[in-house]
1. Which of the residues that make up segment A:141-158 are open to solvent by 60 Å² or more (accessible area, probe 1.4 Å) and either touching an Asp or Glu at 6+ places or on another chain (Cβ under 8 Å) or touching a residue at least 40 places away in the same chain (Cβ under 8 Å) (or both)?
2. So is A:I87 assigned by TED's automatic domain parsing to the domain that holds A:Y375, part of a strand (DSSP E or B) and modelled with pLDDT of 95 or more or not?
3. Of the residues A:S171, A:S206, which single one is buried (at least 16 other Cβ atoms within 10 Å of the Cβ) and without any contact (Cβ under 8 Å) to a residue 24 or more places away in the chain?
4. Which of the following residues is in the same structural domain as B:I50 (by TED's automatic domain parsing) and of a type in the set (K, R): B:R283, B:R293, B:R370?
5. Within segment B:175-190, identify whether any single residue is within 30 Å of A:L379 (Cα to Cα), at pLDDT 90 or above and open to solvent by 30 Å² or more (accessible area, probe 1.4 Å), and answer yes or no.
6. In segment A:261-271, which residues are facing chain B (nearest Cβ under 10 Å) and out of contact with any helix residue (DSSP H, G or I) (no Cβ under 8 Å at 6 or more places or on another chain)?
7. How about segment B:320-365: which of its residues are aromatic (F, W, Y) and part of a loop (DSSP other than H, G, I, E, B)?
8. Would a scan of segment A:303-314 turn up a residue that is open to solvent by 40 Å² or more (accessible area, probe 1.4 Å) and outside the structural domain of A:Y375 (by TED's automatic domain parsing)?
2 protein chains.
Amino acid sequence: MRGCGLIVEYNPFHNGHKYHLDQSQQASNADCMIAVMSGNFLQRGEPAIIDKHHRAKLAVSQGADLVIELPYYYAVQHSELFAEGAIKLLSTLKADHICFGSEHGDITGFLEMINLLKNNFTEFHYHLKQALNKGNSYPRANELAFRQIGGEHLSLDFTQPNNILGTQYVSKILQIDPAIQPLTVKRQQNNYHDRQISIPFASATSIRKELLTVDKESDLSETVPAETTEILNQYKSAFGCWHEWEQYYSYLYYRILTMETDDLKKIHGIKEGLENRIISSIREATDFQQLMRKMKTKRYTWTSLQRIFANILTNTTKDEIEAKLHVPPPLRILAMSPTGIKYLNYLKQYDQKFFTSNKKPYPDHDFDNRIASAYYSILSIEKQHTAKKQDFKPPYMMA
Amino acid sequence: MRGCGLIVEYNPFHNGHKYHLDQSQQASNADCMIAVMSGNFLQRGEPAIIDKHHRAKLAVSQGADLVIELPYYYAVQHSELFAEGAIKLLSTLKADHICFGSEHGDITGFLEMINLLKNNFTEFHYHLKQALNKGNSYPRANELAFRQIGGEHLSLDFTQPNNILGTQYVSKILQIDPAIQPLTVKRQQNNYHDRQISIPFASATSIRKELLTVDKESDLSETVPAETTEILNQYKSAFGCWHEWEQYYSYLYYRILTMETDDLKKIHGIKEGLENRIISSIREATDFQQLMRKMKTKRYTWTSLQRIFANILTNTTKDEIEAKLHVPPPLRILAMSPTGIKYLNYLKQYDQKFFTSNKKPYPDHDFDNRIASAYYSILSIEKQHTAKKQDFKPPYMMA
């Protein structure tokens, strides 16, 4: 059987994701579409609007055959580690192709870029370091270093977020499993960061904004599949809310202000005395947006700060991340179609170990319980109990 | 000047407290009534119904001249350490008398008891240890050991909670500063643990129950001074609520379920594998009462468990308590009358160091910030900011 890997967050699933899924199937001619999906927290350091179980079920309803969780310690990371975790999982899953969406839409542009990078490795890293030392954020330093080695003469626009991510994917494929063939499809939706909705290809950001604006009814029928609206509503009626950072602020505030500074320093992502700025900023900020505005500098991007706050909320330390990154990520199935089940049978010849819930001996049992406790903390206690039970049930199987 | 020390919690101040204050003044003929009062968390491991600033102000309005904070690490402890902290502070404050309320009401009964204990020290401790080993709680083991050395032939009923506490006070006075003369007045109010209100001397427990029952208006005019009602209402209109354990449950739940077991073991009061029972109990309990009922055993009293949960909520570790108990408790003034100010001037000859707020170099600056953050966590963030500002203002001074 032929498998095509997708690296996704589906927060929430929209028409652009459907387009990517269908186009990837056509481009790869795969039998099984394998989505590696972030869990309850996402690459930008945000809680997902609905939990991983509901997003995985939705993905299968839209054509994914297997949904595998990208563990927190790869998902809530900068793009290089995010890509590394996903490619490792897709390599273990014997994917023949990996197809990603990009602004560029032509795989040769990515290969050119990686070649340039490889041929100018020392120079690139020298410039990267210089730029970081000048107080630039990592993405900005990366861009400056690429320019220094002549990157702007390539066809690929490396200031576009999905092109940057795609470069990481291709680069990690070449490092980890060059047998996988990278493919890309051109994104149809509007800009990644757009906050205004546009039909029919709106960005997930603009869709979330629409959903989370409390004082109006959202009509998303022209930008998301009907099942997205259905599952979003199911989630809200079961658990009482959709998730966004602002709702967690009282927990974050409580947690930071009852922590010892030494313990705050142990949290993954905190360095260079950032702990002191966090403490003094949170003392004054009355909501999450205020906190972020107080914290934001040239050096620290919005997303890098959000990831740090996610690590504080979930109590994730440097040492723990270090240990987790040193072992292969476990394969946890969140949802599957009948084709996905066939694919798992086909994989049996490779003797891969799968996990179908958070039951022991799942190696991330305790870790995942903790992440889930942080993610669901904003629900009533009764609803938290119900929500957490999902983690111990078999994965969703489409009939 | 002559000072008379009182050891109090005033949760909230009621007619029985007023009686104790007036009677103590008469019995001691003191110029200055000094109340050593627990801060935001109390000996039974509960959050105080209103914060220490409001309770201190109320105490001064009722005749206390100086209100000094008994620090968390002495207040939220078993009766022996609670007594030790209070007597240490009153010794530093050069109190001539300490007058406590008791069921017994006659100081000779306490002295007899202490003599008996002193004369049978080894035997008493042998029986105490035996009783603890059999799984009895500390108060119960204490009672059994007293019986073994013939305690039931004394006039003092050592099963009564305020008699037990009084014994600790007298015993600590003899150890720490025998120049202080102990006095006792007979309590007028109904039983310490009574949950039913009785007029005019209701227990603080029954008064809190009355106040915290949300579905009815409370009329406490016959059991508390008018100022108590006034200050309770002031507090609620300023901060939005009165404090009780149940409101903290979502924080406690979040905190415990995002903690590493090893960190839970470091919390003061957790031993003998209790961390595992806490984790398994809280996973199932949907409110604080349920949690307590699941946790309660012969060995662990309700109050000892509440103290442990207060330590978890405030992130107070064994190591930290150990370190704090090894240095003299700082004298922090919460409120004072003109007489109190005169008394502080009179004390100048002794070169005592006082603190009038949580401003540095107050030695518990960070510690107190943490305790306050935990205590006020149930308020809105804006109200938490306002509430915490009180800690950095000068103490309340009665005009």
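The values are calculated or read from the model by the stated rules, or taken from the named source; none is laboratory data. None of the values given here were measured: they were computed from a predicted structure. Positions of Cβ are backbone-derived with ideal geometry, glycine not excepted, and every protein chain shown enters the neighbour counts. Areas reflect the complete protein model, heavy atoms only, side chains present, ligands, DNA and RNA absent. Shrake-Rupley method; radii C 1.70, N 1.55, O 1.52, S 1.80 Å.
1. Scanning segment A:141-158 gives A:Q148, A:S155, A:D157.
2. No, not satisfied.
3. Details: A:S171 fails: without any contact (Cβ under 8 Å) to a residue 24 or more places away in the chain.
None of the other options fit; the residue is A:S206.
4. Being in the same structural domain as B:I50 (by TED's automatic domain parsing) and of a type in the set (K, R) holds for just one of B:R283, B:R293, B:R370, which is B:R370.
5. No, every residue in segment B:175-190 fails to be within 30 Å of A:L379 (Cα to Cα), at pLDDT 90 or above and open to solvent by 30 Å² or more (accessible area, probe 1.4 Å).
6. Result: A:D263, single match.
7. Passing the criteria: only B:Y362.
8. Let us first name the residues in segment A:303-314 that are open to solvent by 40 Å² or more (accessible area, probe 1.4 Å), namely none.
No, that holds for no residue.
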